[in-house]
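Asks: Take a look at this one; I'll ask things after.
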Amino acid sequence: MDLGIKGKTAIICASSKGLGRGCAEALAEAGVNLVLNARGAEALEATAEALRSAYGVDVKTVAADITTAEGREAVLAAAGDVDILVNNAGGPPPGLWSDWNRDDFIAAIDGNMLTPIQLIQAVLPGMMEREWGRIVNITSGSVKAPIPQLGLSNSARAGLTGFVAGTARQVAHAGVTMNNILPGIHATDRAVSLDAGVSKAQGITPDEATAQRKATIPARRYGTAGEFGATCAFLCSQHAGFIVGQNIVLDGGAINATI
Ligand code: NAP
């Protein structure tokens, strides 16, 4: 399918690896020019070069922490006029509800709620003026079904979801759509580190932890960054202009709910 977005410009935050990279790859395949971001320059450059040579699109890189004001400014400056924004960042650490103090919550809210909100506020005026824009936020299945050990993530991402729900309806008239994708377990470094946490907590091997988690998913496997990226690219396409303020769960059926 032609997604109709060839030549557009996208910022994809936290995109040298994992789900962000999956989104970058799918958008590059659709002919979108990219600004990629991650803290580590080496993996970022390697990803950028792979996408340039595979798809012939323009790929700029900004090695910076997207949760800092300087990082966000550098990414926005590199992009110029932004047509597509994919918000992403690392997830907060796991723990117990009793572990976290005010500083831990502030850090989680900064990274997973205020960072995407500030980027949205920065790009929305230009998108509305040009009467076209797509914003996709990578959140988590934990927004819909809280994950006990990810209380920081549950809290911060719920806050972002509320902001997006209200704001998406205020900007849709200008041709700008905002939606969230809620990943269940995907086969990325993040999944490996969560499996390691389960393995340690339960005194089982990492392979046993992975098998145990796969057994909880009706699809009996983890999702892939490729599948995730294809969904993101569709939400950024010309065909998705009537999808507004939605939360799309990609979890192999793991959340047991009718709607
Ligand atoms: P990942 O494989 O660990 O990749 C994370 C990417 O983000 C890397 O490119 C990393 O590069 C970059 N990054 C991390 N923190 C950053 C920061 N502060 N500034 C800029 N770049 C940053 O993670 P993932 O699995 O793709 O997860 C992406 C998001 O989805 C996370 O928020 C995660 O919590 C959420 N999620 C994932 C799953 C899953 O199963 N994978 C499920 C639910 C939710 P550098 O380290 O070099 O910065």
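None of the figures in this text is laboratory data; all of them are computed from the coordinates on show. This is a predicted model, so every value here is computed, not measured. All Cβ positions, glycine included, derive from the backbone under ideal geometry; neighbour counts span all protein chains shown.
Asks: Would you give the gap between the C-alpha center of the range 118-143 and the C-alpha center of the range 210-259, rounded to a whole Å?
Replies: The two parts, judged by their Cα centres, are 19 Å apart.
Asks: Can I ask one more? May I ask you to sort M127, M178 by Cβ crowding, counting other Cβ atoms within 10 Å and putting the fewest first?
Replies: Working: M127 24, M178 28.
The most exposed by this proxy come first: M127, M178.
Asks: Taking Rh as the Kirkwood radius computed over C-alpha pairs, what is the Stokes-Einstein D of the chain at 4 °C in a medium of viscosity 1.567 mPa s, expressed in µm² per second?
Replies: Details: Rh = 18.5 Å.
This corresponds to a translational diffusion coefficient of 70 µm²/s.
Asks: If you project the alpha carbons of the range 121-212 onto their three principal axes, what span does each projection cover, largest first, in Å?
Replies: 55, 21, 18
Asks: Another question, then. What ³J(HN,Hα) values, in whole Hz, does the Karplus curve 6.51 cos²θ - 1.76 cosθ + 1.60 give for the range 217-222 when θ = phi - 60°, with x put for Gly and Pro?
Replies: 9, x, 6, 6, 7, 7
Asks: With θ taken as phi - 60° and the coefficients 6.51, -1.76 and 1.60, list the Karplus ³J(HN,Hα) couplings across the range 153-159 in order, rounded to whole Hz; mark glycine and proline as x.
Replies: 5, 3, 6, 5, 6, 5, x
Asks: Against the longest alpha carbon principal axis of the chain, how many degrees, from 0 to 90 and to the nearest 10, is the axis of helix 18-29 turned?
Replies: That works out to roughly 30 degrees.
Asks: What ranking do K17, K214 get, fewest neighbouring Cβ atoms within 10 angstrom at the top?
Replies: Numbers: K17 18, K214 15.
Going from sparsest to densest Cβ surroundings: K214, K17.
Asks: Once the piece of chain linking A107 and A165 is laid out straight, how much longer is it, given 0.36 nm per residue of separation minus the C-alpha distance between them? Walk me through the numbers before you get to the answer.
Replies: Working: separation 58, 0.36 × 58 = 20.88 nm, distance 2.27 nm.
That pair, A107 and A165, stretches by 18.6 nm at full extension.
Asks: Here's a follow-up. With all pairs of different alpha carbon atoms counted, what Kirkwood hydrodynamic radius in Å does the range 1-131 show? Spell out each step's value before the answer.
Replies: Values: mean 1/r = 0.0652 Å⁻¹.
Here the Kirkwood hydrodynamic radius works out to 15.3 Å.
Asks: Sum up the charges of everything whose Cβ sits under 14 Å from the Cβ of A48, counting Lys and Arg as +1 and Asp and Glu as -1, but leave A48 out.
Replies: Net local charge, A48 excluded: -1.
Asks: Follow-up question, since we're still on this one. Per the Debye formula with a single identical scatterer at each Cα and no solvent contribution, what log10 I(q)/I(0) holds for the range 173-259 at q = 0.13, 0.14, 0.21 Å⁻¹?
Replies: Values, matching the q order: -0.53, -0.59, -1.00.
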